[in-house]
Amino acid sequence: MNILAIESSCDETAAAVVRDGREVLSNEVLSQADMHAIYGGVVPEIASRNHIKVISRLADRAVSEAGLQKRDLDAVAVTAAPGLIGALLVGVNFAKGAALALGVPLIPVHHVRGHIAANYIAFPELEPPFVCLAISGGNTCIVDVRGYTDMSIIGATHDDAAGECFDKAARVLGLPYPGGLPLQMLARGGDDRAFDLPHARIAGRPYDMSFSGLKTAVVNIVHNAQQKGEELDRAGLAASFQRTVSETLVPRTMDALRDLGYDTVVVAGGVAANERVRGDFAAACARSGARLFVPPLRLCGDNAAMIGCQGYYEFLAGARAGSDLNAYATMEIDDLTF
Ligand code: KG4
């Protein structure tokens, strides 16, 4: 079964063709990051306008790169939630038109479920059940993945997502958007014990997280140094920040693994690219004898192959959308209401 997949939830326009869930025939991604960098973050209207400009061409290219004709496509899968609403609507409307023109089913896909599925593409042996930490620019949650389409959130951030926190910390440190990778680079030369930053705990919710206090602490340290005219140990602050984020994410995920009684940890989303988080997970899983799956860097960020992969499993589970499919800015991973 060949699925044409479309992803446009933020500032990447993406189209892919995926065969039977796990074989990626093509995976075209066009990032707009440069266009948003001058504003220090994604400007929703600019994102939507650029999606609409390139999406048809990108989808055409995905089909030809796959070595297929349009008549070889069996379904269209599209990210319909969560994300920037205007950006999502471009992909959803394009996918509706494509499914109608091709006379094939339309499959709505949850973006974060897609991030989890990136691991199925990279690791043919991976199957549920497992515990997954999904960490991206807009979402941060620990998920009990019982089956390909059967999952529930057992912990989540109460405020900022981990990626958002990286981007804001990077911004105040004078680094370009998106800030995760530049902050990681700066942290390489720093002492990760240079600053003692706050670790938030949510009473009675052992797997939940909060990043707003950490973000504010970094902002205050930078502003205080500026006001006093003191030179700031930027690399030390970046390294300490990264350590604190990792110390928030890794132990909670490992506790969830133990409590669920699984033997497999999966990490997904843009922040899964972070070398500190990857290293700390590798060490924690080695200590506890758990299997660890983290996608290769090319599949960590937003792409459409992961949507085609998850779309296949959603299709097998019976998911179909009609011509009235809408896009949703927010939706829980375990409460799909397309
Ligand atoms: O998954 P993604 O591409 O988009 C969403 O679905 O949100 O994630 C983007 C986020 C950004 O916040 C970016 O700064 C972060 O992932 N990111 C990183 C790294 N690479 C990307 N954060 C930390 N370390 C990295 N190496």
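Values computed for the structure shown
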| quantity | calculated |
| --- | --- |
| Residue match in region 151-165 (condition: within 11 Å of the ligand (Cβ to nearest atom), charged (D, E, K, R) and buried (at least 19 other Cβ atoms within 10 Å of the Cβ)) | yes |
| Cβ pairs under 6 Å, 6+ apart, first in region 179-206 and more than 19 Å from Glu275 (Cα to Cα) and not assigned by TED's automatic domain parsing to the domain that holds Gly279, second outside any loop (DSSP other than H, G, I, E, B) and more than 16 Å from the ligand (Cβ to nearest atom) | none |
| Residue check, Val17 out of contact with any helix residue (DSSP H, G or I) (no Cβ under 9 Å at 6 or more places or on another chain), crowded, with 16+ Cβ neighbours inside 10 Å and β-branched (Val, Ile, Thr) | no |
| Subset of region 123-140 that is away from the ligand (no atom under 12 Å from the Cβ) and crowded, with 18+ Cβ neighbours inside 10 Å - its residue that is nearest to Leu249 (Cα to Cα) | Leu133 |
| Filter result (surrounded by 20 or more Cβ atoms within 10 Å (Cβ to Cβ) and more than 20 Å from Pro182 (Cα to Cα)) within region 265-294 | Val265, Val266, Val267, Phe281, Cys285, Phe293, Val294 |
| Scan of region 260-280 for residues that are touching a helix residue (DSSP H, G or I) at 6+ places or on another chain (Cβ under 6 Å), more than 12 Å from the ligand (Cβ to nearest atom) and not in a strand (DSSP E or B), ordered by number | Asp280 |
| Residues located in region 214-231, provided they are free of Cβ contacts under 8 Å to residues at least 24 places away in the same chain and surrounded by 15 or more Cβ atoms within 10 Å (Cβ to Cβ) | Ala217, Ala225 |
| Sole exception among (1) at pLDDT 95 or above; (2) farther than 17 Å from Val76 by Cα; (3) away from the ligand (no atom under 13 Å from the Cβ) for Ala47, by number | (3) |
| Tally, over region 77-105, of residues that are within 27 Å of Asp144 (Cα to Cα) and more than 16 Å from the ligand (Cβ to nearest atom) | 1 |
| Qualifying residues in region 306-330 (those that are within 19 Å of the chain's Cα centre (by Cα) and over 26 Å from Ala122 (Cα atoms)) - the one surrounded by the fewest Cβ atoms within 10 Å (Cβ to Cβ) | Thr330 |
| Residue in region 210-230 that is within 16 Å of the ligand (Cβ to nearest atom) and modelled with pLDDT under 95 present | no |
| Whichever residue in region 65-99 is surrounded by fewer than 20 Cβ atoms within 10 Å (Cβ to Cβ) and among the polar types (S, T, N, Q) and, among such residues, is farthest from the chain's Cα centre (by Cα) | Gln69 |
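The values are calculated or read from the model by the stated rules, or taken from the named source; none is laboratory data. Remember, it's a predicted structure, so these values are computed and weren't measured experimentally. Methodologically, a virtual Cβ is constructed for each residue, glycine included, from the backbone with ideal geometry; neighbour enumeration extends over all protein chains shown.
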